[in-house]
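Notes follow the structure.
What follows is calculated from the coordinates using simple rules that are stated; it is not laboratory data. Because the structure is predicted, anything quoted here is derived from the model rather than measured. Glycine also receives a Cβ, built like all others from the backbone with ideal geometry; neighbour counts cover every protein chain displayed.
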Amino acid sequence: MNTKKLYYEDCHRKQFEAQVVACEQTDKGYEVILNQTAFYPEGGGQACDLGTLGGVRVLDTQERGETVVHLCDGPLTEGAAVEGIIDWERRFDQMQQHTGEHIVSGIVHRLYGFDNVGFHVGSEVLTVDFDGIIPQEALPLIEAEANRVVWQNLTLRCWYPSEEELPTVGYRTKRALPWPVRIVEIPGVDKCACCGVQVGMTGEVGLVKIFSCVKFHQGVRIEMACGGRAVALLNAAYDQNRQVSQTFSAKIFETADAARTVSKRLAEAEYRANALQKQIFDQIAAGYAGKGNVLLHRPDCPPADLRELADRIANVCGGIAFVYSGSNICLASRTDDLKELGKELKTRFDARGGGKPGYFQGTLTATPEELEAFFPVS
Ligand SMILES: [Zn+2]
């Protein structure tokens with residue numbers, strides 16, 4: 001059955017009356033077919049419309065041939081007249097993204113001759129794939145040109161050329177299409193074969209923001225957003241920057257310099273701290289020179305530094321250096337193979353870990369007293 005498609009007649013139609021032609025229960029809900037509908041079915045990169053039909057919720061809208069099928073969460077009576085209400089916020093967002101994509105694709109096609117070979121509206125940004133490399137420095141120009149088109153508030157023309165006229169229209173398309181073909185034209189900007197629902201005038205797109213352009217297959221993938229989405233994403237980015245500005249006590253447009261300065265100072269401080277720690281470890285190690293086996297508790301020592309300290313003590317003590325911090329341990333020796341000792345630690349204190357013959361690093365469960373009794377030093 002051929003559903004009359006009200007969304008093509010008036011893209012701003014939010015409410016409509018229709019007659020229920022069929023209602024069938026499935027395992028997902030109730031599949032409802034109407035004589036006419038303003039619910040756009042998923043297709044052409046655009047998400048389907050949601051909303052309500054005769055008081056029941058529309059969970060999904062799909063096209064089967066020329067029939068639009070509404071998946072509802074409740075039954076509707078066949079033959080009854082029902083009112084349909086579109087979730088307009090969702091639809092208008094989809095329209096803004098879709099027309100914005102046409103504007104950008106039209107500009108890229110005119111400037112470079114590249115074709116849009118993929119289009120997806122995600123939950124945050126939309127991605128548009130082109131079959132050629134767009135230079136990074138061109139992105140601000142493309143964005144500026146797209147916004148000029150938006151502000152010119154051009155009227156879109158959606159029409160079906162006659163079979164004779166179609167070959168002469170010169171439109172963008174992803175693949176060869178049989179007649180009839182629906183053409184969406186933004187005068188002077190773009191002509192494209194499209195089954196989606198667009199805004200009526202480019203001004204409704206509000207804003208076009210291109211966020212990134214990365215290499216993708218043989219071309220590039222652009223991440224962008226239009227209208228309300230673009231404003232929401234720019235607001236989120238602005239709020240992040242405001243927080244960074246407060247953290248660094250920097251002016252809102254000087255945060256990058258402030259972050260670079262802090263990062264440089266941090267690297268210098270870490271370098272100095274490492275040098276000082278090496279000196280301290282050397283001094284500690286010097287106190288154990290020739291002492292034979294050493295057991296040392298360093299409660300504040302991070303696990304990563306235990307090895308460095310154990311290593312330095314092992315270099316001079318002439319026995320086994322056993323350094324621990326909480327449950328973390330590191331044993332090092334230049335004279336002894338620690339394999340057997342490691343095994344004993346596993347048996348006695350459930351130690352986990354391992355190492356080379358002169359090393360054992362890992363964790364165990366023992367009190368300092370238990371370790372002192374286990375590992376007597378001279
Ligand atoms: Zn389209």
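Taking the stretch 294-378 as the region of interest, the helices (runs of 4 or more DSSP H) fully inside it that hold 3 or more residues being within 23 Å of N274 (Cβ to Cβ) are 303-317. You will find that of L59, L6, the residue that is more than 16 Å from the ligand (Cβ to nearest atom) and within 29 Å of the chain's Cα centre (by Cα) is L59 and no other.
In the set (1) buried (at least 18 other Cβ atoms within 10 Å of the Cβ); (2) farther than 26 Å from T365 by Cβ; (3) in contact with a Gly (Cβ under 9 Å, 6 or more places away or on another chain), the condition left unmet by A332 is number (2). When the residues of the stretch 34-51 are filtered to those that are under 15 Å from A80 (Cβ atoms) and surrounded by fewer than 20 Cβ atoms within 10 Å (Cβ to Cβ), the one that is nearest to the ligand (Cβ to nearest atom) is Q36. Does A269 qualify as being surrounded by fewer than 15 Cβ atoms within 10 Å (Cβ to Cβ) and over 14 Å from Y359 (Cβ atoms)? For A269, the condition - surrounded by fewer than 15 Cβ atoms within 10 Å (Cβ to Cβ) and over 14 Å from Y359 (Cβ atoms) - is met. Within the stretch 173-203, being of a type in the set (A, V, I, L, M, F, W, C) and away from the ligand (no atom under 14 Å from the Cβ) holds for A176, W179, M201. The strands (runs of 3 or more DSSP E) found entirely in the stretch 56-108 that carry 2 or more residues being of a type in the set (D, E) are 56-64.
Looking for something surrounded by fewer than 16 Cβ atoms within 10 Å (Cβ to Cβ) and either in a helix (DSSP H, G or I) or within 16 Å of the ligand (Cβ to nearest atom) (or both) - is there at least one such residue anywhere in the stretch 209-216? No, there is no match, as no residue in the stretch 209-216 is surrounded by fewer than 16 Cβ atoms within 10 Å (Cβ to Cβ) and either in a helix (DSSP H, G or I) or within 16 Å of the ligand (Cβ to nearest atom) (or both).
For A250, the stated conditions hold: it is out of contact with any Pro (no Cβ under 9 Å at 6 or more places or on another chain), over 29 Å from R175 (Cβ atoms) and surrounded by 16 or more Cβ atoms within 10 Å (Cβ to Cβ).
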